[in-house]
Amino acid sequence: MAYDPSDLPDVSGLTVGIIGGTGDQGRGLAYRFARAGQRVLIGSRAADRAAQSAEEIAALPGVPAGGVSGADNDEVARRSDVVIVAVPWDGHAATVGALAEPLAGKIVVDCVNPLGFDKQGPYALPVPEGSAAQQAAALLPDSRVCAAFNHVSAPLLADPKIDRIDLDVLICTEERELVGVVAALAARIPGMRGIYAGRLRNAHQIEAFTANLIAINRRYKAHAGIRVTDV
């Protein structure tokens with residue numbers, strides 16, 4: 001079945017919360033979604049830091065007035081329809097686990113990549129649950145968890161001069177319905193497509209492949225992404 005964007009649901013009315021929205025990846029995604037007209041909430045452990053990040057994003061070109069605001073993680077989790085987890089790996093379990101109650105019933109998109117770095121470059125870290133997304137699913141038994149946006153370059157997301165980001169977002173989840181929602185969110189960013197890439201157990205290799213992309217980017221001074229052919 002060929003990719004058909006006309007089949008995607010309308011997600012324009014959803015509020016997107018970003019836990020870890022003060023980091024590079026979170027800020028970049030927040031900017032792109034806000035620029036597309038999505039209502040965005042920036043989350044952080046400290047509400048003042050979230051508010052400051054929201055103000056900075058709101059001042060960027062193309063962001064409509066009132067399109068982005070900040071609050072602490074708990075409030076963002078409660079007020080959002082879809083929550084993207086973009087926290088550092090070393091704080092992933094603690095941050096996600098603390099939000100189990102406000103995230104109950106919510107769509108949770110985990111884009112965290114468990115990576116280590118040494119003199120030889122980036123490498124994937126072992127995760128007892130299998131992947132960051134599977135760890136999130138274990139910590140959030142009442143949420144609807146998927147993995148996506150793992151391979152999107154933060155510098156590209158944050159650059160106001162770039163109008164299109166031509167890549168595919170690989171989506172892993174147990175719920176086929178979530179694929180459409182997340183793919184529709186990806187399609188809000190010009191050039192992006194959301195592609196189903198299997199169940200949540202397949203998230204490990206997607207997260208790990210980010211180490212390869214970082215190595216590519218360092219070697220070729222690029223911002224490499226993924227494009228799936230023949231779909």
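The values are calculated or read from the model by the stated rules, or taken from the named source; none is laboratory data. In this text, all values refer to a predicted model and were calculated from it rather than measured experimentally. Virtual Cβ from ideal backbone geometry, glycine too; neighbours counted across all protein chains shown. Calculation scope for accessible area: heavy atoms of the full protein, side chains included, ligands and nucleic acids excluded. Shrake-Rupley method; radii C 1.70, N 1.55, O 1.52, S 1.80 Å.
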- Message: 7 Å from Cα along Cα→Cβ at both Ala46 and Ala100: what's the point-to-point distance in nm?
- Response: 2.8
- Query: Quick one: if the Förster radius is 22 Å, what FRET efficiency do Leu60 and Arg164 give, using the C-beta to C-beta distance and rounding to 0.05?
  - Reply: 0.85
- When only DSSP loop residues count, what GluC sites (Glu not before Pro) in the stretch 110-200 have their Cβ near at most 14 other Cβ atoms within 10 Å? Glu174, Glu175
- Task: Grab the other residues whose beta carbon is less than 9 angstrom from that of Pro61, score K and R as +1, D and E as -1, and report the net.
- Result: +2
- Determine the sum of side-chain charges near Glu175: Lys and Arg each +1, Asp and Glu each -1, restricted to other residues whose C-beta is under 10 angstrom from that of Glu175. +1
- With a 1.4 angstrom probe the carbon and sulfur portion of accessible area for the chain, in percent, totals 51
- Query: Which of Val228, Tyr196, Ala30 sits farthest toward the positive end of the charge dipole of the chain, with +1 on the Cβ of Lys and Arg and -1 on the Cβ of Asp and Glu?
  - Reply: Val228
- Message: Taking every DSSP beta bridge with both residues inside the chain, roughly what % is antiparallel (nearest 5)?
- Response: 20
- What is the magnitude of the charge dipole of the stretch 73-197 about its Cα centre, with +1 placed on the Cβ of each Lys and Arg, -1 on the Cβ of each Asp and Glu, and no other charges, expressed in debye to the nearest 20? 300
- Query: To the nearest Å, what is the center-to-center distance of the stretch 158-226 and the stretch 90-142, using C-alpha atoms only?
  - Reply: 17
- Identify which of Gly26, Gly198, Gly43 has the largest mean-square fluctuation in a Gaussian network model of the chain, with springs joining Cα atoms closer than 10 Å. Gly198
- Give the accessible surface of the chain per residue, rounded to a whole number of Å², with probe radius 1.4 Å and ligands, DNA and RNA excluded. 46
- Query: Taking the alpha-carbon set of the stretch 2-139, what are its Rg and Dmax in Å?
  - Reply: 15.6, 46
- Point-to-point label distance, Gln205-Lys119, nm (Cα→Cβ direction, 7 Å offset): 3.2
- Query: Here are several values of semi-axes √(5λ) of the Cα gyration tensor in Å: (i) 35, 22, 16; (ii) 51, 18, 13; (iii) 23, 21, 19. Which one was derived from the coordinates shown?
  - Reply: (iii)
- Item | DSSP beta bridges in the stretch 58-155 [antiparallel fraction, %, rounded to 5] | 35
